[in-house]
Amino acid sequence: MSQNLTVTLAGGGIRTVPDGATAGQALGGEVARNTIGVHIDGQPCDLSTPLRRDCTLEPISSDSAAGLALLRHSTAHLLAHAVKRLYPRAQVTIGPVIEDGFFYDFHYPAGFTPEDLERIEAEMAKIVAEDDAVIREEWDRNPASEFFLSCGETFKAEIIAGLPDGGVGLYRQGDFVDLCRGPHVPSTGRLGAFKLLSVAGAYWRGDERNPMLQRIYGTAWADRASLDEHLARLEEAKRRDHRRIGKQLHLFSFHQEAPGSPFFHPDGALVYNLLVEYVRGLYRVYDYSEVITPQILDVDLWHRSGHYDNYRENMYFTAIEEREFAVKPMNCPTHCLMYGEEIRSYRDLPIRFADFGRLHRFERSGVMHGLTRVRSFAQDDAHIFCAPEQIQSEIRAVIGMIREAYAVFGFTETRVYLSTRPSQSIGSDEVWEQAETALREVLTTEGVEFLLNAGDGAFYGPKIDFCVLDAVRREWQLSTVQLDFSLPERFGLEYVDAGGKARRPVMIHRAVLGSLERFMGILLEHTAGALPMWLAPCQVTLATVTDRQNDYAADVAARLRAKGLRARADLRNEKLGFKIREAQALKIPVVAVVGDKEVAAGNVAPRLRGGEQLETMTVEAFADWLLERSHPGNGGVP
């Protein structure tokens, strides 16, 4: 006799259904027709999943976060289905969901072209129109492996061989079967708002010793309007690509002789140094002491700090006079050595060491990306040594510094993450619990909303990561605050408390802008190269109408430079319109036009890079106007 089940709907209401009824049947016809999946007791499942116990059901809509993940996962299968129809000899491997989209890897030595992507996309549309049911099947491991081998799908058989004992899930849609744990949309007709974006090479399982695969990237959304909006953002992101802007503005370049290590040209070096100067100004306010430490240190130091065991795959090593050395990837061990040189009193704490030292970390060729992923860089890095009772106040001060910097650079939207203990770490459970609790408390006290990023802490301690949203709403991690009880222990660091007893300090690792290289790349994309007045390599160019004004323009430029402004005179024998257009292309904030009338009156006629024409003014008034807008956070981007 069939047993009835009690189903609680997440939105309210209780239903009684027979044992074995599907989740879709329990939701009801109209709800199920507008739903692409369901959470059963919090777990995402297919609508066709049979119910075997009392449970709670929550529909998954296509425009929710869970719904978009389900749509993208199903669209990856749709892509694989279309590829197998058009290119039967291609082997399918894996097709995960990624941020804003998905990819699928294929073993297809002939490779795919942009024209192939158009053809595949058209075939995907045909499969959507066929509206095939997407059906889950449970198979035993051996028959499933034999099935894929019989189809020539050796990679699928290899995946099955690595799965835990037990059955495996397969999904069938029309003439295509794929290995997957699901869930999926009920039918291919539920898909439609998708676009294939690009193709790239990728090694099977990320190992260069394995076969090279063809990776097709795509994106999928709940509706066409959302897809079109996303594609527009992608186009805008291409326009803002800092690599293109950096070349256009003559800021930096890369050369194969030093992979992943940027060459900063004069204007780029100027911007770089202005960023450093800005952070140094913060250090004066927040009472940091800047230090300089070596770049190459004996490998024993890195054994002592734990970096050798937990980070060595990202480090460079060298031998000098039969001793092994490492190029430093981080400054923290050198700061521990400096702290340990003296007997410290509680009256000395906190001690805040800041360091712009050059760092080197090994990044694989495939992940390096302009300034945002490099092998050689500097951070606005600092380490605070404090007593445990000073943790809260020190982290509050760091948060204040971060907020101040974000306001200056125009980052108005932020997201904060608390990252907890990773699988590869040092230190006891008690120490980690103490550190994580301290970070939670300060975030709560400061009223900072945060998300938990479980398992993503540094190997020596938990951290708070601050992310910004740029002009096209991409998220970038910039600032970090890391709480560390382990390195002071490993280096035997102490201070003498008020009672004369030796105590262990706590170490706070923090960066505000983070990697200066990466920050410059992010800022260039955020501003589309139109840096604020105080950061612009050239703040004003004097553009002459004819050669008759050259001496006057050169003199005005010199007078402005004498006041600390970055001014240049464009004295070329070119038309004024050409000079103005070129200055706009170079994102120079102001063009000061100089003709016979301006020379006679001792004036200039300023024009902003956005096209706004200002009133003619004297050179002195113009200099004052520029100086007023040449301080961080003042004047914005004209």
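The values are calculated or read from the model by the stated rules, or taken from the named source; none is laboratory data. Treat the numbers as computed from the prediction; the structure is a model and nothing was measured. FYI the Cβ positions are ideal-geometry reconstructions off the backbone, even for glycines, and counts take in every protein chain you see. Note: areas computed on protein heavy atoms with side chains; ligands, DNA, RNA excluded. Shrake-Rupley method; radii C 1.70, N 1.55, O 1.52, S 1.80 Å.
Within region 16-55, the set of residues being free of Cβ contacts under 8 Å to residues at least 12 places away in the same chain and open to solvent by 50 Å² or more (accessible area, probe 1.4 Å) comprises GLN25, GLU30, ARG33, GLN43. Is it the case, given these coordinates, that ALA567 is within 27 Å of GLY268 (Cα to Cα), open to solvent by less than 70 Å² (accessible area, probe 1.4 Å) and in contact with a Lys or Arg (Cβ under 6 Å, 6 or more places away or on another chain)? The answer is yes for ALA567. Answer yes if at least one residue in region 303-314 is in contact with a strand residue (DSSP E or B) (Cβ under 9 Å, 6 or more places away or on another chain), basic (Lys, Arg), open to solvent by 40 Å² or more (accessible area, probe 1.4 Å) and over 13 Å from ALA382 (Cβ atoms), and no otherwise. Yes, region 303-314 has at least one match. In region 422-449, the residue that is modelled with the lowest pLDDT out of those that are open to solvent by 70 Å² or more (accessible area, probe 1.4 Å) and assigned to a loop (DSSP other than H, G, I, E, B) is GLN424. Note on region 144-157: residues that are surrounded by fewer than 17 Cβ atoms within 10 Å (Cβ to Cβ) and either assigned to a helix (DSSP H, G or I) or among the β-branched types (Val, Ile, Thr) (or both) amount to 4. Listed by first and then second residue, the pairs linking a residue in region 363-375 that is under 13 Å from GLY206 (Cα atoms) to a residue that is open to solvent by 70 Å² or more (accessible area, probe 1.4 Å) and of a type in the set (S, T, N, Q), with Cβ atoms under 6 Å apart and 6 or more places separating them unless they lie on different chains, form an empty list. When region 377-398 is filtered for residues that are open to solvent by less than 10 Å² (accessible area, probe 1.4 Å), among the hydrophobic types (A, V, I, L, M, F, W, C) and modelled with pLDDT of 95 or more, the ones remaining, listed by number, are ALA378, ALA382, ILE384, PHE385, CYS386, ALA387, VAL398. Residues in region 176-198 that are under 23 Å from the mean Cα position of the chain (by Cα) and crowded, with 20+ Cβ neighbours inside 10 Å: LEU196 alone.
Counting the residues of region 518-549 that are over 30 Å from CYS467 (Cα atoms) and open to solvent by less than 30 Å² (accessible area, probe 1.4 Å) gives 6. Just checking, does region 109-116 include any residue being surrounded by fewer than 17 Cβ atoms within 10 Å (Cβ to Cβ), acidic (Asp, Glu), at pLDDT below 95 and part of a helix (DSSP H, G or I)? Among the residues of region 109-116, at least one is surrounded by fewer than 17 Cβ atoms within 10 Å (Cβ to Cβ), acidic (Asp, Glu), at pLDDT below 95 and part of a helix (DSSP H, G or I), which makes the answer yes. Of everything in region 229-254 that is part of a helix (DSSP H, G or I), of a type in the set (Gly, Ala, Ser) and touching a residue at least 12 places away in the same chain (Cβ under 8 Å), the residue that is farthest from VAL374 (Cα to Cα) is ALA237. Filtered by the rule that a residue be assigned to a strand (DSSP E or B) and more than 19 Å from SER62 (Cα to Cα), region 86-102 gives GLN91, VAL92.
The residues of region 600-638 that are among the aliphatic types (A, V, I, L, M) and not in a strand (DSSP E or B), listed by number, are ALA600, ALA601, LEU614, VAL619, ALA621, ALA623, LEU626, LEU627, VAL637. Within region 575-599, being in a loop (DSSP other than H, G, I, E, B) and exposed (fewer than 13 other Cβ atoms within 10 Å of the Cβ) holds for one residue alone: LYS575. Might you check whether a residue that is part of a strand (DSSP E or B), closer than 30 Å to GLY11 by Cα, touching a residue at least 40 places away in the same chain (Cβ under 8 Å) and open to solvent by less than 60 Å² (accessible area, probe 1.4 Å) occurs anywhere in region 59-82? Yes - at least one qualifying residue is present in region 59-82. Filtered by the rule that a residue be under 21 Å from the mean Cα position of the chain (by Cα) and among the acidic types (Asp, Glu), region 378-403 gives ASP380, ASP381. From the list VAL285, VAL327, VAL367, VAL374, the lone residue that is closer than 30 Å to ASP241 by Cβ, surrounded by fewer than 16 Cβ atoms within 10 Å (Cβ to Cβ) and either in contact with a Leu (Cβ under 7 Å, 6 or more places away or on another chain) or of a type in the set (Val, Ile, Thr) (or both) is VAL367.
Here is the figure for region 10-25: residues that are within 15 Å of LEU47 (Cβ to Cβ), more than 39 Å from the chain's Cα centre (by Cα) and not in a strand (DSSP E or B) total 3.
For region 474-497, filtered to residues that are assigned to a loop (DSSP other than H, G, I, E, B) and modelled with pLDDT of 95 or more, the residue that is surrounded by the fewest Cβ atoms within 10 Å (Cβ to Cβ) is GLY492.
For ARG141, the criteria (1) touching an Asp or Glu at 6+ places or on another chain (Cβ under 9 Å); (2) open to solvent by 60 Å² or more (accessible area, probe 1.4 Å); (3) basic (Lys, Arg) hold in every case but one, which is (2). Close contacts from region 162-190, counting a first residue that is in contact (Cβ under 8 Å) with a residue 12 or more places away in the chain and charged (D, E, K, R) and a second that is part of a loop (DSSP other than H, G, I, E, B) and crowded, with 20+ Cβ neighbours inside 10 Å, with Cβ to Cβ under 6 Å and a gap of 6+ residues or different chains, come to ARG190/ILE36.
I need every pair where a residue in region 440-463 that is without any contact (Cβ under 8 Å) to a residue 40 or more places away in the chain and within 11 Å of THR420 (Cα to Cα) has its Cβ under 9 Å from the Cβ of a residue that is of a type in the set (Asp, Glu) and open to solvent by less than 70 Å² (accessible area, probe 1.4 Å), sequence separation at least 6 or different chains. Within 9 Å, the pairs are ASN453/ASP465; ASP456/ASP465; GLY457/GLU436.
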